[in-house]
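Some notes on the structure that comes next.
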Amino acid sequence: MIELKKLTKQADNKLILLGVDLSIKKGETIAVLGPNGAGKSTLLKVLATLIKPTSGHVLINGLELRKKQIEIKKLLGYLPHSSLLYDHYSPLENLVFFGNIYGVQDVEQKARKLVKDVGLSFFLNEPVKNFSRGMIQRIAIARAIIHDPEILLLDEPHTGLDQGAISILNNVILSMKDKGTTTLMVTHDFKQAAEICDRVIIVKNGKIVDDFRIQNHNLGFVTEKYELLVEGVL
Ligand SMILES: Nc1ncnc2c1ncn2[C@@H]1O[C@H](COP(=O)(O)OP(=O)(O)OP(=O)(O)O)[C@@H](O)[C@H]1O
């Protein structure tokens, strides 16, 4: 359960988030849509405890974000724009390294399985610096879930992925949903949003301007809402 109340974020005298109220139930899969510069990544960074809100309240599983950062970090899997991987390490070494930080049991076995799940077993021991962008993104996704987080925060996860990798990622998100994981996914890819999400929030100028459920993967419904609210067409 995630609760945001009157959340604001100001940086360099600029208001980035202007009073965000949001309530998310366990197991929801939410797409965060909005134009460039709307405040989507900033919202995710606040939830990921990377930046502090200026005012307002954030509760994650009943824990106050300002006071319980360490406990909250353990619940989160965060995929930012940058991979956070170590270039000179292989996928196996990277995943074991990050798994150990979280105290994952049988970490090497878990890491090998995840590398297989993202389709890169053949490259298990190659340094990541030799990888293409899409391959790095696959391993970055594995890194974000090595500790079976209860909450996944994904910032444009489909960027740079080929069709095969998109299916793998979607399956990862859906199988985590089956286990009760809550996912918040910032994306410009409406098709993937409609494919895997059950709810959409639209952010514009630092505010949530719409919040609705998607049924039957209805891409047309999402596009129509977005065009109306963000682009002012229709
Ligand atoms: N640390 C900062 N200092 C000043 N301005 C910032 C800072 N971080 C973000 N901003 C500004 O806040 C606004 C929102 O940024 P943010 O990255 O959250 O947007 P976004 O919705 O994720 O955009 P995009 O779709 O382009 O990734 C932008 O105008 C950005 O320049």
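To the nearest 0.05, how large is the calculated FRET efficiency for residue 121 and residue 217 if R₀ is 35 Å and r is the Cβ-Cβ distance? FRET efficiency, residue 121 to residue 217: 0.70. The string of couplings for the stretch 7-14 from the Karplus curve (6.51, -1.76, 1.60, θ = phi - 60°) is 6, 10, 9, 10, 9, 6, 6, 10 Hz, one whole number per residue in order, with x for Gly and Pro. A straight chain from residue 26 to residue 188 at 0.36 nm per residue would run longer than the Cα-Cα distance by 56.0 nm. Taking the fewest neighbouring Cβ atoms within 10 Å as the starting point, the ordered list for 124, 114 is 124, 114. Taking θ as phi - 60° and the Karplus parameters 6.51, -1.76 and 1.60, the scalar couplings of the stretch 147-162 work out to 9, 6, x, 7, 10, 10, 10, 10, 9, 6, x, 7, 4, x, 8, 7 Hz in sequence order, x denoting glycine and proline.
From least to most packed, judged by other beta carbons within 10 angstrom and beginning with the fewest, 143, 112, 133 follow the order 133, 112, 143.
For the pair residue 14 and residue 231, the difference between a 0.36 nm per residue extended length and the Cα-Cα distance amounts to 75.8 nm. For residue 73, the lysines whose Cα falls under 16 Å of its own Cα, not counting residues fewer than eight places away in the same chain, are 45, 52.
Distance between the pseudo-spin-label points of residue 81 and residue 210 (7 Å out from Cα toward the beta carbon): 2.5 nm. If the elastic network links every pair of Cα atoms under 10 Å, which of 141, 70, 201 fluctuates the most in the Gaussian network model of the chain? Highest fluctuation of the listed residues: 70.
Read the figures in this text as sums done on the coordinates, not as results from a lab. Bear in mind that the values here come from a model prediction, so they are computed numbers and not experimental data. Note that we place each Cβ from the backbone using ideal geometry, even for glycine, and neighbour counts take in every protein chain shown.
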